[in-house]
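Peer 1: Quick one: structure below, then a few questions.
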Amino acid sequence: MKSTTFPVRVGLLGLGVLSQRSLLKHLSLPDAKDKIQLVAVCDIDRERARLTAEKYSVPEHYASLESMLSCSSIDAVLVCTPIPLHHENALMALQANKHVYIQKTVATSLESAKEIFLEAEHRGIIVVASPLQMLNPARQLAKKILSENTIGPIYWSICTTNGGHDTENERLGNESLSEIDPSWYYKSGGGPLYDMTVYAIDALVGLFGPVRHVSALSGKRVPIRYWKGKEINVEIDDNTLLLLDFGESQFALVNGSNAHQSKRVGWGELSVFGALGALEIYSENPAEPNLASVVEVVGDKTHYIRDFGPYLPESHLNICDPHTFADIMYFADCVAATTRPISNASQTCHVVEIIEKGILAASTGQIQMINTVISETK
């Protein structure tokens, strides 16, 4: 397997909202630089690439992945482009013998996801794909509590993921670093399922194991969106409910929509209902709802997480999207130690199949069987 040493030399591909709002800020801190050296940034918007490199003192900037792969001496590529481009971008980087981190969701089809991991396996290269929900200590604790039968046999669970992208502050500026068009999100390969519901599915699979069947209701509730006066025709479903069957009559309900999140049911909060009790997993910080920090056994004991482990030192907790930074630091460890990630290829592909079959279930009105299984990490 291809190996390297710290700091891992990386190129950041895709300089949209995620990179501008959080990743570049995280990677600029001294403790991040111990593990990751940001050598190059790349975006199809040449001016955005240039200004980003200038703002964060990155040595190299490129307007195409081909140029970055051929000209830069990087060890790895961080793929943070729109979801429909992940498959093409990841394969290109792998074929250039670069380790690859991929933002969620890894691909828009099971076939494409498998192709990425098969290429990496063939070349002995590390691929880590977000989200790694079970890196989070709160979810690890919740899994332990559930395994001890604390709340008895589990009946069902629920997790909500609402929101959209056209009103984000990072898109409403007047120059290339802050005027970032969200149109891709409302086109084929975008939408709430791939962009948000994937978090809920990955967490549920991490807690309970593989899904056996999926059924769904899905549709387009708001057909036209607006961004800075520009009309965006919504091509994807923006309102989906998935019903997951884990076998033995254990179910979970997850949603993905462009609705506003409620106050009582927070983004990504996960409730588990058992025969003897219930368990809640949620964040104390409304601004970072995916950074689960509380595990509450309803009516019994509440656990507050203060230590987020080696991938989230305190200096990063007040920067947006700390969970994504944790995934990337874990990726750096996997690359340096040439170890396979906890969320291995089989689990990542399983999550993609659930989304793909959920879309099929909604369009056909028929329950779909999930064929992938989750193997142990080697």
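Results for (1) assigned by TED's automatic domain parsing to the domain that holds Val294; (2) of a type in the set (Ser, Thr, Tyr); (3) at pLDDT below 95, shown as yes or no for each residue.
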residue: Gln140; (1), (2), (3): yes, no, no
residue: Lys143; (1), (2), (3): yes, no, no
residue: Ser147; (1), (2), (3): yes, yes, no
residue: Gly152; (1), (2), (3): yes, no, no
residue: Ile158; (1), (2), (3): yes, no, no
residue: Gly164; (1), (2), (3): yes, no, yes
residue: Glu168; (1), (2), (3): yes, no, yes
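Peer 1: Would you mind stating whether Phe325 is farther than 24 Å from Asp245 by Cα, of a type in the set (Phe, Trp, Tyr), assigned to a helix (DSSP H, G or I) and touching a Ser or Thr at 6+ places or on another chain (Cβ under 8 Å)?
Peer 2: yes
Peer 1: Considering the stretch 229-240 alone, what residues qualify as being surrounded by fewer than 17 Cβ atoms within 10 Å (Cβ to Cβ) and either modelled with pLDDT of 95 or more or outside any loop (DSSP other than H, G, I, E, B) (or both)?
Peer 2: Lys230, Glu231, Asn233, Glu235 - these are the residues of the stretch 229-240 that are surrounded by fewer than 17 Cβ atoms within 10 Å (Cβ to Cβ) and either modelled with pLDDT of 95 or more or outside any loop (DSSP other than H, G, I, E, B) (or both).
Peer 1: Follow-up. Within the group Ile116, Ile74, Ile44, which residue is touching a strand residue (DSSP E or B) at 6+ places or on another chain (Cβ under 9 Å), at pLDDT 95 or above and closer than 21 Å to Trp184 by Cβ?
Peer 2: Ile116
Peer 1: Spot the failing condition for Glu356; the list is (1) among the charged types (D, E, K, R); (2) surrounded by 19 or more Cβ atoms within 10 Å (Cβ to Cβ); (3) touching a Gly at 6+ places or on another chain (Cβ under 8 Å), and only one is missed.
Peer 2: Glu356 satisfies all of (1) among the charged types (D, E, K, R); (2) surrounded by 19 or more Cβ atoms within 10 Å (Cβ to Cβ); (3) touching a Gly at 6+ places or on another chain (Cβ under 8 Å) except (3).
Peer 1: If you don't mind, there's one more thing I want to ask. Under 25 Å from Trp156 (Cβ atoms) and of a type in the set (S, T, N, Q) - does that describe any residue in the stretch 226-236?
Peer 2: Checking the stretch 226-236: not a single residue is under 25 Å from Trp156 (Cβ atoms) and of a type in the set (S, T, N, Q).
Peer 1: Could you tell me which of the residues Tyr330, Tyr311 is buried (at least 19 other Cβ atoms within 10 Å of the Cβ) and not in a helix (DSSP H, G or I)?
Peer 2: Tyr311
Peer 1: Determine whether the stretch 277-287 contains at least one residue that is closer than 27 Å to Lys357 by Cβ, surrounded by fewer than 20 Cβ atoms within 10 Å (Cβ to Cβ) and assigned by TED's automatic domain parsing to the domain that holds Pro210.
Peer 2: No, the conditions are met nowhere in the stretch 277-287.
Peer 1: If you take the residues in the stretch 42-85 that are within 22 Å of Pro131 (Cα to Cα) and of a type in the set (A, V, I, L, M), which one is farthest from the chain's Cα centre (by Cα)?
Peer 2: Within the stretch 42-85, the match that is farthest from the chain's Cα centre (by Cα) is Ala76.
Peer 1: Of all residues in the stretch 275-299, which are in a loop (DSSP other than H, G, I, E, B) and in contact (Cβ under 8 Å) with a residue 60 or more places away in the chain?
Peer 2: Within the stretch 275-299, Ala275, Leu276, Gly277, Asn290, Leu291, Ala292, Ser293 meet the criteria.
Peer 1: Which numbered condition trips up Asn344, out of (1) under 18 Å from the mean Cα position of the chain (by Cα); (2) at pLDDT below 95; (3) under 16 Å from Ala138 (Cα atoms)?
Peer 2: Going through the list (1) under 18 Å from the mean Cα position of the chain (by Cα); (2) at pLDDT below 95; (3) under 16 Å from Ala138 (Cα atoms), Asn344 breaks only (3).
Peer 1: Need the failing condition index for Ile354 against (1) aliphatic (A, V, I, L, M); (2) within 19 Å of the chain's Cα centre (by Cα); (3) farther than 18 Å from Tyr199 by Cα, just the number.
Peer 2: Failed condition: (3).
The values are calculated or read from the model by the stated rules, or taken from the named source; none is laboratory data. From a predicted model like this one, the values you see are computed outputs, not experimental measurements. Note that each Cβ is placed from the backbone with ideal geometry, even for glycine, and that neighbours are counted across all protein chains shown.
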